[in-house]
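In what follows, a structure is listed as structure tokens, so that the remarks can point back to it.
Laboratory data are not the source of any read-out in this text; all were calculated from the coordinates shown. Values in this document were obtained by computation on a predicted structure and should not be read as measured data. Cβ placement follows ideal geometry from the backbone for every residue including glycine, while neighbour counts extend to all protein chains displayed.
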């Protein structure tokens, strides 16, 4: 169907308000943050702003806490990928078989996605509470598995892991929904033909289902990578980056530097690093998966 010039003008006219809002609230702040990253400023309007070049970025990568935040962000991303995609896509595959009670299971699994992250983080903070009123401690002590309450969120060996567990619970339902939609679109004839050819169980999943939903897996991968690299709210609420920086990630450090310590230039430099990392790792992951598809 051909679109004449008048139709194109009408389409552009209706798109213009959304485009203006997007540029104002998304594109312009990105360029402003880049500019602030090369400046020394306390974030207070009217205060002098001094151009310092790459000084903030050099300072960041010499800062041990920032290197620790990058390492934590890396493990946070990797473990979210390793846990959310298999769990979400396995649930999506099982639900696509439309067994009895699947609608209830879908509702239960997707419910955490629509809950505010702040509310979910507060709930998990109470569940993993260090005192004997914490739900997890109470359960484990009643089963005789531990002698006393454990500080799951204040011990260096467990803090990051338990934050990741909370984040997986909050997010895997979204990827379950993506996989459910993708698997439901696979023609029944293809699945039946695969079974007639002897492809059953894991072989059917590997040779038929996974190649058919690879585009959905790419979408989930990019979303988890970008979401994990720029994560802030769940860690800030549950641990504030503690103990001793063991759960510190770039997003929390950016907030602290910019709004807690009034190092707005340094905080903006961190936001630029987060932005670059999101782009780089998203492109790399897509290229790796595309190369695997071609092979």
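Key figures
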{"item": "Out of 178, 146, sole residue that is in contact with a helix residue (DSSP H, G or I) (Cβ under 9 Å, 6 or more places away or on another chain) and buried (at least 16 other Cβ atoms within 10 Å of the Cβ)", "result": "178"}
{"item": "Single residue of 72, 56 found to be in contact with a strand residue (DSSP E or B) (Cβ under 8 Å, 6 or more places away or on another chain), in a helix (DSSP H, G or I) and within 19 Å of residue 255 (Cα to Cα)", "result": "56"}
{"item": "Test: residue 26 is more than 27 Å from residue 247 (Cβ to Cβ), assigned to a helix (DSSP H, G or I) and under 26 Å from the mean Cα position of the chain (by Cα)", "result": "yes"}
{"item": "Lone unmet requirement of (1) closer than 30 Å to residue 200 by Cα; (2) part of a helix (DSSP H, G or I); (3) over 17 Å from the mean Cα position of the chain (by Cα) for residue 100", "result": "(2)"}
{"item": "Meets criteria (surrounded by fewer than 13 Cβ atoms within 10 Å (Cβ to Cβ), more than 21 Å from the chain's Cα centre (by Cα) and in contact (Cβ under 8 Å) with a residue 12 or more places away in the chain) for residue 131", "result": "yes"}
{"item": "Answer from 238, 254, 223 - the residue that is closer than 25 Å to residue 116 by Cα, free of Cβ contacts under 8 Å to residues at least 60 places away in the same chain and crowded, with 21+ Cβ neighbours inside 10 Å", "result": "254"}
{"item": "Enumeration of residues in the stretch 149-159 that are under 22 Å from residue 250 (Cβ atoms) and crowded, with 21+ Cβ neighbours inside 10 Å", "result": "153, 159"}
{"item": "Elements of type helices (runs of 4 or more DSSP H) contained in the stretch 191-295, each with 1 or more residues being farther than 30 Å from residue 127 by Cα and touching a strand residue (DSSP E or B) at 6+ places or on another chain (Cβ under 6 Å)", "result": "264-294"}
{"item": "Any hit, the stretch 77-88, residues being over 18 Å from residue 250 (Cβ atoms) and free of Cβ contacts under 8 Å to residues at least 24 places away in the same chain", "result": "yes"}
{"item": "Counted residues, the stretch 134-143 - those being loosely packed, with under 13 Cβ neighbours inside 10 Å and part of a helix (DSSP H, G or I)", "result": "2"}
{"item": "Residue in the stretch 35-50 that is loosely packed, with under 12 Cβ neighbours inside 10 Å and either within 28 Å of residue 218 (Cα to Cα) or touching a strand residue (DSSP E or B) at 6+ places or on another chain (Cβ under 7 Å) (or both) present", "result": "yes"}
{"item": "Sole residue being touching a helix residue (DSSP H, G or I) at 6+ places or on another chain (Cβ under 7 Å) and within 17 Å of residue 257 (Cβ to Cβ), chosen from 47, 39", "result": "39"}
{"item": "Tally, over the stretch 109-126, of residues that are part of a helix (DSSP H, G or I) and in contact (Cβ under 8 Å) with a residue 12 or more places away in the chain", "result": "12"}
{"item": "Hey, residue 176 over 30 Å from residue 277 (Cα atoms), in a helix (DSSP H, G or I) and out of contact with any strand residue (DSSP E or B) (no Cβ under 8 Å at 6 or more places or on another chain) or not", "result": "no"}
